[in-house]
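Colleague: Before I ask anything, let me first share the structure, which is written out below as structure tokens.
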Amino acid sequence: MGYVKVRNKKGTGRRVPPRGYRTWLEYWEKKKGQKAKGCMAYGCNGPADVGGHVIRSGRGGKEYILPICRVHNNMPEYEEYTVWEAHLVPVAH
Ligand SMILES: [Zn+2]
């Protein structure tokens, strides 16, 4: 475990969370068993506005949920940012 680079996955804006979860943020919180206290992009002090869909840079298309602020959620998909790997919750398909 350590810090890893992620990018926003494009085309996920309308993705509905799995049954039993109202939002992707709730999905993350229930899987982790904890509240998201803030944006989990490294160095960001923003709030945890949404459960964002991200992929690890250079590691294929496996998709994860990460609590992030609106600024990070609106970053273009080619822009990388750093996160603590343990904060990534995989999306079950
Ligand atoms: Zn942020």
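Colleague: List pairs: first in segment 74-88 and free of Cβ contacts under 8 Å to residues at least 60 places away in the same chain, second surrounded by 12 or more Cβ atoms within 10 Å (Cβ to Cβ) and assigned to a loop (DSSP other than H, G, I, E, B), Cβ under 6 Å, 6+ apart or cross-chain?
Modeller: That search, which allows pairs on different chains as well, returns H87/M40.
Colleague: Mind telling me which of the residues L25, L66 ends up being assigned to a helix (DSSP H, G or I) and within 16 Å of the ligand (Cβ to nearest atom)? It would help to see each step written out before you state the result.
Modeller: Working: L66 fails: assigned to a helix (DSSP H, G or I).
Only one candidate qualifies: L25.
Colleague: Quick one: in segment 46-63, which of the residues that are part of a loop (DSSP other than H, G, I, E, B) and out of contact with any His (no Cβ under 9 Å at 6 or more places or on another chain) is farthest from the ligand (Cβ to nearest atom)? Please lay out each step first, then the result.
Modeller: Initially, segment 46-63 is screened for residues part of a loop (DSSP other than H, G, I, E, B), giving 46-49, 57-62.
Adding the requirement that they be out of contact with any His (no Cβ under 9 Å at 6 or more places or on another chain) leaves 47-48, 57-62.
On the way: P47: 8, A48: 9, S57: 17, G58: 22, R59: 21, G60: 24, G61: 23, K62: 22 Å.
The residue in question is G60.
Colleague: Please verify whether G43 is part of a loop (DSSP other than H, G, I, E, B) and open to solvent by less than 20 Å² (accessible area, probe 1.4 Å), treating the condition exactly as stated.
Modeller: Working: part of a loop (DSSP other than H, G, I, E, B): yes; open to solvent by less than 20 Å² (accessible area, probe 1.4 Å): no.
For G43, the condition - part of a loop (DSSP other than H, G, I, E, B) and open to solvent by less than 20 Å² (accessible area, probe 1.4 Å) - is not met.
Colleague: Still on this model: Suppose we keep only residues that are in contact with a Gly (Cβ under 6 Å, 6 or more places away or on another chain) and not β-branched (V, I, T) within segment 48-66. Which one would you say is nearest to V16 (Cα to Cα)?
Modeller: Going through the qualifying residues, I end up with L66.
Colleague: What residue, among those in segment 69-93 that are open to solvent by less than 40 Å² (accessible area, probe 1.4 Å) and not hydroxyl-bearing (S, T, Y), is farthest from the ligand (Cβ to nearest atom)? Can you show your working first?
Modeller: Residues of segment 69-93 open to solvent by less than 40 Å² (accessible area, probe 1.4 Å): 69, 72, 75, 81-83, 86, 88-89, 91.
After this cut, where a residue has to be not hydroxyl-bearing (S, T, Y) as well, the list is 69, 72, 75, 83, 86, 88-89, 91.
Numbers: C69: 4, H72: 4, M75: 9, V83: 10, A86: 18, L88: 15, V89: 17, V91: 20 Å.
Applying the filter and picking the extreme gives V91.
The values are calculated or read from the model by the stated rules, or taken from the named source; none is laboratory data. In this text the structure is predicted, and so the values were computed from the model without any measurement. All Cβ positions, even for glycine, are placed from backbone atoms using ideal geometry, and neighbour counts span all protein chains on display. Quick note on the areas: whole protein, heavy atoms, side chains included, nothing else; ligands and nucleic acids left out. Shrake-Rupley method; radii C 1.70, N 1.55, O 1.52, S 1.80 Å.
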